[in-house]
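Below: one structure, written as structure tokens.
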Ligand SMILES: [Zn+2]
Ligand SMILES: [Zn+2]
């Protein structure tokens with residue numbers, strides 16, 4: 001069973017949700033055997049989300065399960081604002097993602113030169129400190145692209161395992177789901193988020209997972225999820241987490 005729990009209908013453009021805008025994503029899901037699709041636009045486009053559009057598409061695509069989520073950019077100190085954002089619609093799930101560090105959008109190609117200013121090990125430390133704070137804040141259901149700090153292929157010089165272990169422990173304690181996000185395969189790091197090593201440690205800690213493409217266009221819906229599913233299966237996973245009104249349940253892979 002394929003689910004795709006991280007689809008950006010708006011890409012990076014502010015425009016209201018319309019049936020004509022979302023429909024191509026649903027046709028793509030149907031074509032690629034995705035049974036459950038979760039729209040999760042960036043919270044900066046919150047004002048463009050329209051639950052009515054989702055309701056009417058559910059009627060038009062009875063063979064698909066359509067969920068409404070949101071990908072929220074976490075940064076320390078933003079918790080109160082995030083609480084308001086989370087309550088603005090009846091979301092099925094919330095993805096928490098770290099996209100910037102001290103105001104620098106480290107995962108954005110336009111700001112890639114910023115890596116030169118950092119000691120890479122200190123940067124990894126800071127990134128995982130922020131992810132840990134996110135896991136502990138209690139506001140999210142899913143951890144977005146867990147090791148996205150590798151996006152441009154800048155790898156730490158020291159073994160990052162001691163940095164990441166407390167993060168995974170916090171994720172496990174908080175009962176969060178980690179998404180297995182295929183978008184990393186389309187980036188310079190050319191690797192799924194999270195890496196096989198991290199995924200194995202998630203499995204050992206009994207951390208549930210879900211599947212996502214992080215598609216920003218309909219052509220990327222479900223992309224490489226067969227590969228991601230194989231990776232899950234190889235690691236030992238047999239189920240993926242799904243959400244309805246922020247209540248978690250599971251589907252067999
Ligand atoms: Zn993201
Ligand atoms: Zn995303």
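Output yes when any residue across the range 147-157 is out of contact with any helix residue (DSSP H, G or I) (no Cβ under 7 Å at 6 or more places or on another chain), in contact (Cβ under 8 Å) with a residue 12 or more places away in the chain, surrounded by fewer than 18 Cβ atoms within 10 Å (Cβ to Cβ) and within 26 Å of residue 208 (Cβ to Cβ), and no when none is.
The answer is no, given that none of the residues of the range 147-157 is out of contact with any helix residue (DSSP H, G or I) (no Cβ under 7 Å at 6 or more places or on another chain), in contact (Cβ under 8 Å) with a residue 12 or more places away in the chain, surrounded by fewer than 18 Cβ atoms within 10 Å (Cβ to Cβ) and within 26 Å of residue 208 (Cβ to Cβ).
Give 157, 179, 165 a once-over and let me know the one that is within 23 Å of residue 227 (Cβ to Cβ) and modelled with pLDDT of 95 or more.
Values: 157 fails: within 23 Å of residue 227 (Cβ to Cβ); 165 fails: within 23 Å of residue 227 (Cβ to Cβ).
Answer to the check: 179.
Condition first: closer than 17 Å to residue 219 by Cβ and surrounded by 15 or more Cβ atoms within 10 Å (Cβ to Cβ). Now tell me which residues in the range 12-29 satisfy that.
Once the filter is applied, which keeps residues that are closer than 17 Å to residue 219 by Cβ and surrounded by 15 or more Cβ atoms within 10 Å (Cβ to Cβ), the range 12-29 yields 21, 22, 23, 25, 26, 28, 29.
Within the range 113-122, identify whether any single residue is without any contact (Cβ under 8 Å) to a residue 24 or more places away in the chain, under 26 Å from residue 77 (Cβ atoms) and touching a strand residue (DSSP E or B) at 6+ places or on another chain (Cβ under 6 Å), and answer yes or no.
yes
How many residues are in contact with a strand residue (DSSP E or B) (Cβ under 7 Å, 6 or more places away or on another chain), under 28 Å from residue 119 (Cβ atoms) and either more than 16 Å from ligand 2 (Cβ to nearest atom) or assigned to a helix (DSSP H, G or I) (or both) when one looks only at the range 160-182?
The number of residues fulfilling the criteria is 1.
Filter the range 237-248 for residues that are surrounded by 14 or more Cβ atoms within 10 Å (Cβ to Cβ) and in a loop (DSSP other than H, G, I, E, B); which is nearest to the chain's Cα centre (by Cα)?
Out of the qualifying residues, it is 246.
Test residue 70 against the stated conditions and say whether it is in contact (Cβ under 8 Å) with a residue 60 or more places away in the chain, in contact with a helix residue (DSSP H, G or I) (Cβ under 9 Å, 6 or more places away or on another chain) and within 16 Å of ligand 2 (Cβ to nearest atom).
Values: in contact (Cβ under 8 Å) with a residue 60 or more places away in the chain: no; in contact with a helix residue (DSSP H, G or I) (Cβ under 9 Å, 6 or more places away or on another chain): yes; within 16 Å of ligand 2 (Cβ to nearest atom): yes.
No; evaluated as a whole, the condition is false for this residue.
Restricting attention to the range 140-159, does a residue exist that is under 30 Å from residue 80 (Cα atoms) and in a strand (DSSP E or B)?
yes
Please find, within the range 200-236, the residue that is surrounded by the fewest Cβ atoms within 10 Å (Cβ to Cβ) out of those that are farther than 22 Å from residue 190 by Cβ and without any contact (Cβ under 8 Å) to a residue 40 or more places away in the chain.
206
The values are calculated or read from the model by the stated rules, or taken from the named source; none is laboratory data. Computed from a prediction, not measured in an experiment: that's the story for all the values here. All Cβ positions, glycine included, derive from the backbone under ideal geometry; neighbour counts span all protein chains shown.
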